[in-house]
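Peer 1: Submitted below is the structure of interest, expressed as structure tokens.
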Amino acid sequence: MAKRDIIVVKGLHKYFGAIEALRGVDLTVAAGKVVVIVGPSGSGKSTLLRCINHLEVETQGEVWVDGQKLGHDPKQINEIRTEIGMVFQLFNLFPHLTALENITLAQRVVRNRSKEEAIDMGLKQLKRVGILEKADVHPDQLSGGQQQRVAIARALAMDPKIMLFDEPTSALDPEMIKEVLDVMLDLAQDGMTMLVVTHEMGFARAAADELIFMDEGLIVEQGSPLDIFNAPQEERTKLFLSQILQH
Amino acid sequence: MSDRGGPLQESASFGPIVSSRRDRLSLAVAQAPLWLIAIFLLAIWAGYFILTRQNFRQAFEFILIGLSATISTTLWSYSMALILGLIAGLGRISRNVIIKNLATLYVEIIRGIPILVLIFYIALVAVPSVVDSLQALGFWLISRDISFLGEPLSLLSNQAISMNTRAVIALSVTYGAFLAEIFRAGIQSIGRGQMEAARSLGMSYGEAMRYIILPQAIRNVLPALGNDFVAMVKDSSLVSVLAVRDITQVARLYAGRTFRFREAYTTLAVLYLTMTLVLSLIVRMIERRYERNG
Ligand SMILES: Nc1ncnc2c1ncn2[C@@H]1O[C@H](COP(=O)(O)OP(=O)(O)OP(=O)(O)O)[C@@H](O)[C@H]1O
Ligand SMILES: [Mg+2]
């Protein structure tokens, strides 16, 4: 394994009862790369992301993150999760905390930072996502786009090496999608390793080093976004792209 | 849980009773909590009686002797029940099969036995058995030369554990099971995404519970916890069967001595009603505040 391969997935299978959500996925992501994953509903995109930070435990196969194989030791899992930021479709901000507290809590509890350090970092990240003025506001007083930006700031404040995004804009009103995508583009330009499940093909075109098409628990096609958009090899990819590019 | 709270627990809504013939005024009258006004009038009338009639006042002053026992029994029992309930509630949702089953066993046993029987059983059977076992363990430890642990245990004896203490233990164990169900429901009402977000930031299960899930869950179940506190005030009267001198026991003593049953039990009932009314109003206010703040 080359040192710069920060995520390595080998022969990953995941069952939910009788449902086989992943049917043998192999994937390697080099540090600093942006990988966009597309595919129809139920194809296993979320499951793949969630196996990478162990929110789901693989049934069979291996997941390596930053040179470490994920095992069953809770300590190791917690440490690896600290290196992986995750952004969810429904934001999952903590409603009982302000935007800033959402960002400082895990820094203090997990990273053992002092209050001052955590606040400094929190304000820095809020500024980066462009909502410094909302620091003391609770999530229910923020728009969807603002909530998602706080969620991104919360993940970034942990200094992760990898960021996972699971349909970060699909719960947003159309006019708010851009503000979130802009933050993500910025992050990509800064060299963050990103795994992004999204149907925003504009983002894929602008930021992705690699596009992956998944269907029925398998990676069907994989390559540069341009190649896949212009000349998809597989019938299923063609069909899927023609459907989503219509919109 | 719904039948254990105070008089204000069910909200008063007489809306559909109003027939179309009636005008707005009678609608307003019909929708007002008449029963609540009646209770207040009753309490005021009884209070007037108690203060002006010599016999009632005597009964009242005698019964007040028991008030501190009622209050301290309730407060101690409720505090310990909160701790027990939180532990058992967390146990009920544990992924550890043994912990989960133990917690469920506890809750189901308690819920299947009348509180009065539980109080007899815990105070007069369970506590003495545990004390005897601990004492035996103490002597055994001394025989093994572990006397720093053995000595204090061997000194335990059933006489040393007052009925007041046993009453508190009995009520705590009983209400711990009720509160466990409240905590469990509260925790389960928090969406799965909260736990996942906390875990994905690297928090352990315990940290996520403590900082993310429980603060939200407890806030959601505050009204239910309040209702059970009111219920505990009433159920604390059951400890009079252990001869704990709470207001119920003292009223019984007074009635038995003077044969003034009407004075003793009217005063007692009014006293409970006043306490539960006031507490229920406080619970209501807390509930309203949280509803408003979302
Ligand atoms: N917790 C779960 N329990 C049972 N089945 C699940 C669970 N999570 C996912 N699945 C199933 O696994 C399959 C893959 O789901 P997954 O969520 O990974 O798909 P997806 O590609 O993310 O779809 P979508 O675009 O709708 O988000 C689906 O058939 C889904 O029903
Ligand atoms: Mg999904």
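Just so it is clear, none of the values below were taken in a lab; they were calculated from the coordinates. It should be emphasised that the depicted structure is a prediction, and the values quoted were computed from it without experimental measurement. All Cβ positions, even for glycine, are placed from backbone atoms using ideal geometry, and neighbour counts span all protein chains on display.
Peer 1: May I ask for the distance between the Cα centers of region B:218-286 and region A:169-209, given as a whole number of Å?
Peer 2: Centre-to-centre distance over Cα atoms comes out at 62 Å.
Peer 1: Another question, then. Normalising by the residue count of region A:1-41, find the relative contact order in percent from Cα pairs under 8 Å and 6+ residues apart.
Peer 2: Reported relative contact order: 39 percent.
Peer 1: When the chain is fully extended, how far beyond the present Cα-Cα distance does B:A185 get from B:V97, taking 0.36 nm per residue of separation?
Peer 2: Using 0.36 nm per residue and subtracting the Cα-Cα distance, I get 29.8 nm.
Peer 1: Rounded, prolate or oblate: which one fits region B:33-293, using the alpha carbon gyration tensor with axes a ≥ b ≥ c (rounded when a/c is under 1.5, else prolate when a/b beats b/c, else oblate)?
Peer 2: Taking the square roots of the gyration eigenvalues as a ≥ b ≥ c, region B:33-293 is oblate.
Peer 1: Right, here's the next one. Taking Cα pairs under 8 Å and at least six residues apart, what relative contact order does chain A come out at, in percent?
Peer 2: Computed value for chain A: 26 percent relative contact order.
Peer 1: Using a 10 angstrom Cβ neighbour count of at most 14 plus a DSSP loop assignment to flag exposed trypsin sites (Lys or Arg not before Pro), which longest range of chain A is free of such sites?
Peer 2: Here the longest run is A:5-247.
Peer 1: Hey, what number do you get for chain A at 222 nm if only DSSP H runs of n ≥ 4 count, each worth -39500 (n - 2.57), divided across all residues, to the nearest 500?
Peer 2: -11500 deg cm²/dmol
Peer 1: Name the shape class, rounded, prolate or oblate, that the alpha-carbon gyration tensor gives for chain A, where a ≥ b ≥ c are the square roots of its eigenvalues, rounded holds for a/c under 1.5, and otherwise prolate holds if a/b is larger than b/c and oblate otherwise.
Peer 2: It is oblate, given that a/c is not under 1.5 and a/b is not larger than b/c.
Peer 1: List the pairs from A:K33/A:K127; A:K178/A:K238; A:K10/A:K69; A:K45/A:K127; A:K33/A:K178; A:K124/A:K178 whose alpha-carbon separation is above 19 Å, in the order I gave them.
Peer 2: A:K33/A:K127; A:K178/A:K238; A:K45/A:K127; A:K33/A:K178; A:K124/A:K178
Peer 1: Using the Kyte-Doolittle scale, find the helices of chain B whose mean hydropathy is at least 1.6 and whose Cα atoms extend 15 Å or more along the helix's long axis, counting only whole DSSP H runs.
Peer 2: Passing helices, by number: B:34-52.
Peer 1: At 1.567 mPa s and 4 °C, plugging the Kirkwood radius over alpha-carbon pairs of region A:118-243 into Stokes-Einstein gives what diffusion coefficient in µm²/s?
Peer 2: The calculation lands on 81 µm²/s.
Peer 1: Let me ask something additional. Between region B:25-71 and region A:113-166, what's the alpha-carbon centroid distance in Å?
Peer 2: Value for the Cα centre distance between the two parts: 55 Å.
Peer 1: Roughly how tilted is helix A:115-128, in degrees to the nearest 10 and between 0 and 90, from the longest Cα axis of chain A?
Peer 2: The helix A:115-128 is inclined about 50 degrees to chain A.
Peer 1: Right, here's the next one. Remind me, relative contact order of chain B in percent, using alpha carbon pairs under 8 angstrom and six or more residues apart?
Peer 2: With pairs under 8 Å counted, the relative contact order is 29 percent.
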